[in-house]
Amino acid sequence: MYKVKIEPGVKLENYLAYASLAPRFNAFHNEAVLLRKALRKKKIWMVNSTEHGGGVAEMMPRMISLLRQLGLDADWVVMETNESQFFALTKNIHNLIHGQPGAEITAEDKALYDQINRDNARQMAEYVQKDDIVVVHDPQPAGMAQELKKMIDITAIWRCHIGLDYSNDSTEAAWSFLSPYLEAYDQYVFSSPEYIPEGLSGNVTLIHPSIDPLSHKNRPLSLHKLTGILGNAGLLTSDHPTLYPDYKHKVTRLKPDGTFGPARNGEDIGLLFRPILTQVSRWDKLKGFFSLLEGFVELKRNNQENGNRSRNHNRIRNARLVLAGPDPESVADDPEGKQVLKDLVDAYVQLPDDIKKDVVILTLPMKSAKENALIVNALQRSSYVVIQNSIQEGFGLTATEAMGKRIAVLASSACGLRNQVRNHIDGRLLHHPEDPSEVASHLEYLLNNPKVVEEMSFSAEKRVLDHFLIFQQLTNWLNVFHRAQLAKEKNQPVLVG
Ligand code: UDP
């Protein structure tokens, strides 16, 4: 277990400089100051299993930094282990919670889970003090609270970012494994009511994830900054000088022979010129990469065969699909990632040459969180439409990020995504993300209707400003901490409003 160093980053007053953010920030700040006073000297600990990659790691530094700026003592710690089998097990639990078939959880698995959680809890006990609030994120470290509570009188909150809107044998297996560990918690936080497992109906609060509009991932970029980032990351081919030196770690692009090489070798991707359709995700089979790729191929084939049918034949002909994900070496808790990327490489290699040149598969360097964030920011801003074709999705920050940048989205109707994207208003929802023909017909519609896409992009931005900014999330968290404090003081069950 180790503590992550948090850079102070954006200052609270910086939000006031943006006309669209100032009123929302002020409302948040007034309430936050009252809640912080009520919380007195509580220390907040956030615990999760990875510092890089994925939505949880994404939000953590901003949450901690803003809590500190509000005057609270907050820290982020990441659990550690050398047992790769542990992450294979927790990935299996993750898949089961998403209703996917998975391996049976054995007594040996349980022993391993207990041991890693116990070891991490013991390390953490050296930092934590009586009455601290410990927020544990997701299943990997969920076993830590019962161990910590044996040693110190803390308040424990379990924050679950994943879930499914129906149950089956897989979900039941996962929840029956987790439930004894969950009993140790005083409160629970879920992203959506559909995700709350049976038996956890009390002390539950719903909190949507959200984005920080001024983080490197989301902050506005001037045209020159955007092209500068693309250039420094190796995503543009240009003879012009750049103002900043190239990034040390650059994006790699899949080459026609199935190996990865510098993204700027070969023909320019055309990020600044073509209708770019982008999906940025971890290399996870639940992200729907394969049917998206097949749908894109079908779109191109249909367009070639019925060139005159589409009003916007040219737009479809010039469109390119960008599939981007983390450098798979870098994400400790995602053992399946490498395999998914390998399968995607195999699928790409099979494509006919004329389609291959329109499919751009990128791995993004993760060594610098700032550069990674800026690259994702620039890629999303270079997109005509951002896609999130997830088969299951806890929330789907990538959709939020795109919408906040006034980019319309094509998202699957997985629970997390349909909670954000209103069909035909902020983007389009796919009902069967695994059906390439449905993907193709949505892409065709969106490419054929730039006016509709533009209208949806404005609604998308407003939707994020109104509902999915970090301000709302922080206010919700401060309320949860406050309720937990009251419950502890009165030593009675929490009544959740
Ligand atoms: N992300 C990133 N680089 C990548 C792939 C993903 O920064 O190469 C980020 C992405 O921008 C988003 C987060 O990881 O902020 C993914 O969160 P989401 O909620 O979409 O899915 P999760 O990975 O948590 O399932």
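Just a few scattered comments:
- For the stretch 394-497, the Kirkwood estimate of hydrodynamic radius, built from reciprocal distances between every pair of different alpha carbons, is 15.5 Å.
- Distance between the 7 Å Cα→Cβ label points at Asp165 and His313: 4.0 nm.
- Environment charge of Ser20, counting only residues whose C-beta is closer than 15 Å and scoring Lys/Arg +1, Asp/Glu -1: +3
- Within the chain, helix-based [θ] at 222 nm, where runs of 4 or more DSSP H residues each add -39,500 (n - 2.57), nearest 500: -14000 deg cm²/dmol
- Long-range HN-HN contacts of Met46 with modeled amide H, under 5 Å: Asp75, Trp76, Val77, Val135
- Note on Ser84/Glu13: beta-carbon distance plugged into 1/(1 + (r/R0)^6) with R0 of 51 Å gives a FRET efficiency of 0.70.
- Remark on Thr252: its backbone amide H falls under 5 Å from those of Thr363, a criterion applied only to residues 5 or more positions apart or on other chains, H modelled at 1.01 Å from N.
- Residue-span extension gain [Asp435 to Lys462] - 0.36 nm each, minus C-alpha spacing: 6.7 nm
- Rounded to the nearest 20 debye, the dipole size of the stretch 1-136 about its Cα centre is 780 debye, using +1 on the Cβ of Lys and Arg and -1 on the Cβ of Asp and Glu.
- Farthest toward positive dipole pole in the stretch 310-381 [+1 Lys/Arg, -1 Asp/Glu at C-beta], among Asn314, Val360, Gly337: Asn314
- Mean-position separation - Cα centroids, the stretch 20-58 and the stretch 381-415, in angstrom: 24
- Within the accessible surface of the chain, defined with a 1.4 Å probe on protein heavy atoms only, the carbon and sulfur portion equals 51 percent.
- Solvent-accessible area per residue, Å², over the chain with all protein chains present [probe radius 1.4 Å]: 42
- Distance from the stretch 171-247 to the stretch 428-497 (C-alpha centre basis), Å: 12
- Within the stretch 106-211, GluC sites (Glu not before Pro) in DSSP loop having at most 14 other beta-carbon neighbours inside 10 Å: Glu126, Glu183, Glu198
- Translational diffusion of the stretch 343-449, estimated by Stokes-Einstein from the Kirkwood radius over alpha carbon pairs at 4 °C in a medium of 1.567 mPa s, is 86 µm² per second.
- The mean of 1/r over all pairs of different alpha-carbon atoms in the stretch 282-408, once inverted, gives a Kirkwood hydrodynamic radius of 15.9 Å.
- A simple charge model with +1 on the Cβ of Lys and Arg, -1 on the Cβ of Asp and Glu and nothing else charged puts the dipole of the chain at about 1900 debye relative to its Cα centre.
- In the stretch 127-226, trypsin sites (Lys or Arg not before Pro) in a DSSP loop with at most 16 other beta-carbon atoms within 10 Å: Lys130
- log10 of Debye I(q)/I(0), alpha-carbon scatterers only, for the stretch 197-301 at 0.19 Å⁻¹: -1.24
- Antiparallel bridges, percent of DSSP beta bridges restricted to the chain (to nearest 5): 15
- At q = 0.10, 0.18 Å⁻¹, base-10 log of I(q)/I(0) for the stretch 71-201 (Debye sum, equal scatterers on each alpha carbon): -0.31, -1.01
- By the Stokes-Einstein formula, at 1.306 mPa s and 10 °C, the stretch 243-331 with its Kirkwood radius over alpha-carbon pairs has D equal to 104 µm²/s.
- Positive-end residue, the chain charge dipole about Cα centroid, Cβ charges, pick of Asn302, Phe25, Ser238: Phe25
- Across the stretch 67-84, the residues whose backbone nitrogen lies under 13 Å from the label position 7 Å along the beta-carbon direction of Ala103 are 84.
- Gain upon complete extension [Ser201, Arg406; 0.36 nm per residue less C-alpha separation]: 70.1 nm
- Cα point-scatterer Debye curve for the chain, base-10 log of I(q)/I(0) at q = 0.07, 0.08 Å⁻¹: -0.37, -0.49
- Full extension of the chain segment joining Leu34 with Asp114 gains 24.8 nm, where the gain is 0.36 nm per residue of separation less the Cα-Cα distance.
- Helix runs (DSSP H) in the chain reaching 15 Å along axis by Cα, Kyte-Doolittle at least -0.5: 22-39, 54-69, 84-97, 169-182, 289-305, 337-349, 369-381, 436-448, 470-490
The values are calculated or read from the model by the stated rules, or taken from the named source; none is laboratory data. Computed from a predicted model, the values in this text were never measured in an experiment. Neighbour counts run over all protein chains shown; Cβ positions are idealised from the backbone, glycine included. Quick note on the areas: whole protein, heavy atoms, side chains included, nothing else; ligands and nucleic acids left out. Shrake-Rupley method; radii C 1.70, N 1.55, O 1.52, S 1.80 Å.
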